[in-house]
Number of protein chains: 2
Amino acid sequence: MGAAAVYGMALGKKDLKKSAEKLRATRPTAHDLFYAIDYMIDKINNRENEFNAASKYVEDIIERCKKIGENGEELIKDGMNILTHCNAGALATVDYGTALAPLRLAYRNGKKIFVFVDETRPRCQGLLTAWELKQEGIDYAVIADNAAGYFLRNGEIDITITGADRIAKNGDFANKIGTYEKAVLAKENKIPFYVAAPVSTFDDDIKDGGQIIIEERDRNELLKINRKTIMPEWVTVKNPAFDVTPAEYVTGYITENGIIKR
Amino acid sequence: MGAAAVYGMALGKKDLKKSAEKLRATRPTAHDLFYAIDYMIDKINNRENEFNAASKYVEDIIERCKKIGENGEELIKDGMNILTHCNAGALATVDYGTALAPLRLAYRNGKKIFVFVDETRPRCQGLLTAWELKQEGIDYAVIADNAAGYFLRNGEIDITITGADRIAKNGDFANKIGTYEKAVLAKENKIPFYVAAPVSTFDDDIKDGGQIIIEERDRNELLKINRKTIMPEWVTVKNPAFDVTPAEYVTGYITENGIIKR
């Protein structure tokens with residue numbers, strides 16, 4: 001998102017304030033997005049070439065994600081089964097991804113791994129993750145979000161790794177709806193739960209998760225999948241798009257600067 | 001299921017053994033189904049009229065579900081928000097349903113209630129529950145299975161009630177995939193979790209949940225919803241249809257004979 005936002009800011013250079021507002025509104029929970037926008041405002045105000053600045057930002061974030069991968073790879077042992085939620089791969093964060101970066105590097109280093117991919121209703125971003133893993137050659141299975149607990153309890157999952165939208169000062173973090181459920185289930189079954197994110201995801205202005213605003217999104221996200229209507233129009237729904245996972249459920253934060261333990 | 005099975009046995013009277021085998025295989029987890037089949041074998045072997053016996057069974061189960069409703073209604077206070085999973089209503093268990101029976105009676109007795117209905121992927125039986133609640137006039141919202149934890153943590157749910165397929169001697173029970181997740185999340189958030197089921201669901205021949213066999217169902221359940229393809233053919237999936245919730249997560253079992261506390 002940050003990578004897309006810096007180019008958006010470059011294109012919207014004529015009215016920086018309006019461009020920033022518009023881009024921030026696309027995903028209020030995402031701190032990396034806000035970070036990228038502020039970076040561009042600073043560069044453009046300092047009369048740097050906007051496209052050079054954007055490219056530099058993207059190269060830097062790719063390097064950071066690679067380091068997240070290197071740091072996180074230490075946690076992945078040969079033969080491990082990993083659970084992930086939503087998409088925190090190349091399609092979300094360019095090239096390596098965040099949560100998928102350690103898996104990519106483990107696989108490239110010859111470790112045999114298997115990934116349980118939550119479907120991630122309502123938007124089914126698990127399909128994006130499945131597609132990325134297939135491209136990389138990593139074995140995986142998409143599971144109903146309801147089934148993650150079943151596999152965690154059965155001892156079929158060794159570690160859980162997700163991304164994060166925004167991490168508060170105390171370690172509480174916002175991420176795609178359902179992340180909290182999987183974190184509770186991992187803890188209940190004594191399975192380590194890691195969050196992979198660049199330091200730009202940490203928002204020290206926010207004391208704890210209670211201050212993170214959760215978007216309620218359009219009902220059509222539930223009523224439709226891939227533009228196909230799966231529920232009748234009369235159905236009443238509630239659709240919170242994100243949730244907050246308290247820090248107590250997190251085993252560690254995998255960043256480009258190392259793994260921060262709690 | 002028991003109500004359908006007794007008529008199935010009546011129609012398949014000519015080869016009782018084959019009919020019983022065929023019907024048992026439709027849902028190996030469901031103890032009420034097995035109970036109904038054994039009842040019919042006994043009645044037919046004792047030369048009772050098969051359709052009279054089937055009718056009597058169905059009238060009896062309706063009465064039992066009504067009593068489940070009466071017993072469970074005591075737990076529902078005016079203004080309560082209730083979470084339910086899958087469909088344990090009239091469409092699954094005729095007339096009153098099991099988990100939905102207390103809600104129906106609470107509503108009919110003038111209590112204002114709101115029901116959070118898990119979508120229940122992969123088969124989305126939450127839509128059946130939504131349809132039943134709408135017919136009854138009860139306010140509800142279908143939510144992504146991922147969102148149940150969010151609402152439980154936010155204090156928006158006062159009680160959780162689900163049905164059960166089979167309850168082992170120690171209280172562990174099998175139910176639709178995802179039930180275990182919601183039970184863990186309810187306990188983590190100190191929200192009571194009740195199982196509503198007739199005594200025919202208790203299988204004392206099974207010591208604990210470890211002995212309950214879980215069906216792995218067809219991949220197309222995940223790939224399609226309501227016959228609409230929502231995932232591409234290349235996607236690899238795992239699809240356990242049920243899970244086992246340990247007794248420690250259950251606050252009580254609502255039966256026709258009263259609420260059994262743990």
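Can you name the residue in segment B:106-125 that is charged (D, E, K, R) and away from every other protein chain (no Cβ under 11 Å) and is also farthest from A:Gly178 (Cα to Cα) among such residues? Residue satisfying both the conditions and the ranking: B:Arg108. Of the residues making up segment A:137-158, those that are within 7 Å of chain B (Cβ to nearest Cβ) and farther than 18 Å from B:Lys182 by Cα number 3.
Taken over segment A:8-26, the criterion of being open to solvent by 80 Å² or more (accessible area, probe 1.4 Å) and in a helix (DSSP H, G or I) is satisfied by A:Leu11, A:Lys13, A:Lys14, A:Lys17, A:Lys18, A:Glu21, A:Lys22.
Scan segment A:108-129 for residues that are closer than 17 Å to A:Thr160 by Cβ, of a type in the set (A, V, I, L, M, F, W, C) and open to solvent by less than 40 Å² (accessible area, probe 1.4 Å) and jot them down. Within segment A:108-129, A:Ile113, A:Val115, A:Phe116, A:Val117 qualify. If you take the residues of segment B:71-107 that are of a type in the set (Val, Ile, Thr) and surrounded by fewer than 23 Cβ atoms within 10 Å (Cβ to Cβ), which of them is farthest from B:Val237 (Cα to Cα)? My answer is B:Ile76. Filtered by the rule that a residue be of a type in the set (Val, Ile, Thr) and in contact with a strand residue (DSSP E or B) (Cβ under 6 Å, 6 or more places away or on another chain), segment B:1-48 gives a lone residue, B:Thr29. Of all the numbered requirements in (1) more than 21 Å from B:Glu156 (Cα to Cα); (2) in a loop (DSSP other than H, G, I, E, B), B:Asn71 misses one, and that requirement is (2). Among the numbered conditions (1) at pLDDT 95 or above; (2) within 30 Å of B:Glu119 (Cα to Cα), the only one that A:Gly137 does not meet is (2). Evaluate the following for A:Asp118: is it of a type outside the set (A, V, I, L, M), in contact (Cβ under 8 Å) with a residue 60 or more places away in the chain and over 25 Å from A:Gln211 (Cα atoms)? When the stated conditions are applied, A:Asp118 passes them. So, A:Ile212, is that one modelled with pLDDT of 95 or more, β-branched (Val, Ile, Thr) and within 15 Å of A:Pro28 (Cα to Cα) or not? Criteria not met by A:Ile212. Selection of first residues in segment A:132-153 that are closer than 16 Å to B:Arg121 by Cα and of second residues that are part of a loop (DSSP other than H, G, I, E, B) and among the hydroxyl-bearing types (Ser, Thr, Tyr), restricted to Cβ pairs under 8 Å at least 6 apart or on distinct chains, gives the following pairs, ordered by first then second residue: A:Ala141/B:Thr236; A:Val142/B:Thr236; A:Asp145/A:Thr120; A:Asn146/B:Thr120. Looking only at residues in segment A:27-59 that are open to solvent by 90 Å² or more (accessible area, probe 1.4 Å) and either within 16 Å of the chain's Cα centre (by Cα) or among the polar types (S, T, N, Q) (or both), the one that is nearest to A:Gly171 (Cα to Cα) is A:Tyr35. Of everything in segment B:163-182 that is within 12 Å of chain A (Cβ to nearest Cβ) and not basic (Lys, Arg), the residue that is surrounded by the fewest Cβ atoms within 10 Å (Cβ to Cβ) is B:Asp172.
For B:Leu185, the test of being touching a Pro at 6+ places or on another chain (Cβ under 6 Å) and open to solvent by less than 20 Å² (accessible area, probe 1.4 Å) is failed. Evaluation of A:Pro240 against the conditions (1) without any contact (Cβ under 8 Å) to a residue 24 or more places away in the chain; (2) in contact with an Asp or Glu (Cβ under 7 Å, 6 or more places away or on another chain) shows that the sole unmet condition is (1). With respect to the stated conditions, A:Lys134 fails to be open to solvent by less than 10 Å² (accessible area, probe 1.4 Å), facing chain B (nearest Cβ under 9 Å) and not aliphatic (A, V, I, L, M). Can you find a residue that is within 14 Å of another protein chain (Cβ to nearest Cβ), touching a residue at least 60 places away in the same chain (Cβ under 8 Å), surrounded by fewer than 17 Cβ atoms within 10 Å (Cβ to Cβ) and touching a strand residue (DSSP E or B) at 6+ places or on another chain (Cβ under 7 Å) anywhere in segment B:205-212? So far as segment B:205-212 goes, no, none of its residues is within 14 Å of another protein chain (Cβ to nearest Cβ), touching a residue at least 60 places away in the same chain (Cβ under 8 Å), surrounded by fewer than 17 Cβ atoms within 10 Å (Cβ to Cβ) and touching a strand residue (DSSP E or B) at 6+ places or on another chain (Cβ under 7 Å). Residues in segment B:186-212 that are assigned to a loop (DSSP other than H, G, I, E, B), at negative phi and of a type outside the set (Val, Ile, Thr): B:Asn189, B:Pro192, B:Ala197, B:Pro198, B:Asp204, B:Asp205, B:Lys207, B:Asp208.
If you scan segment A:100-125, which residues turn out to be part of a loop (DSSP other than H, G, I, E, B) and among the aliphatic types (A, V, I, L, M)?
A:Ile113
Just to be sure before I move on: is A:Ala5 within 17 Å of the chain's Cα centre (by Cα) and part of a helix (DSSP H, G or I) in the structure I sent? So A:Ala5 fits the description; yes.
Scanning segment A:213-248 for residues that are facing chain B (nearest Cβ under 8 Å), assigned to a loop (DSSP other than H, G, I, E, B) and open to solvent by 80 Å² or more (accessible area, probe 1.4 Å) yields A:Asn226, A:Trp234.
Of all residues in segment A:249-256, none are over 27 Å from A:Cys65 (Cβ atoms) and more than 9 Å from chain B (Cβ to nearest Cβ). Mind telling me which of the residues B:Gly79, B:Gly97 ends up being over 30 Å from A:Ala148 (Cβ atoms), small (Gly, Ala, Ser) and outside any helix (DSSP H, G or I)? The unique qualifying residue is B:Gly79. Only one of the numbered conditions (1) assigned to a loop (DSSP other than H, G, I, E, B); (2) within 12 Å of another protein chain (Cβ to nearest Cβ) is not met by B:Leu128, and that is (1). Output the number of the condition that A:Thr26 fails; it satisfies all remaining conditions of (1) modelled with pLDDT of 95 or more; (2) more than 14 Å from A:Ala197 (Cα to Cα). Condition not satisfied by A:Thr26: (1).
The values are calculated or read from the model by the stated rules, or taken from the named source; none is laboratory data. Since this is a predicted model, take the numbers as computed values, not measurements. Neighbour counts run over all protein chains shown; Cβ positions are idealised from the backbone, glycine included. Just the protein is used for accessible areas: all its heavy atoms, side chains included, with ligands, DNA and RNA removed. Shrake-Rupley method; radii C 1.70, N 1.55, O 1.52, S 1.80 Å.
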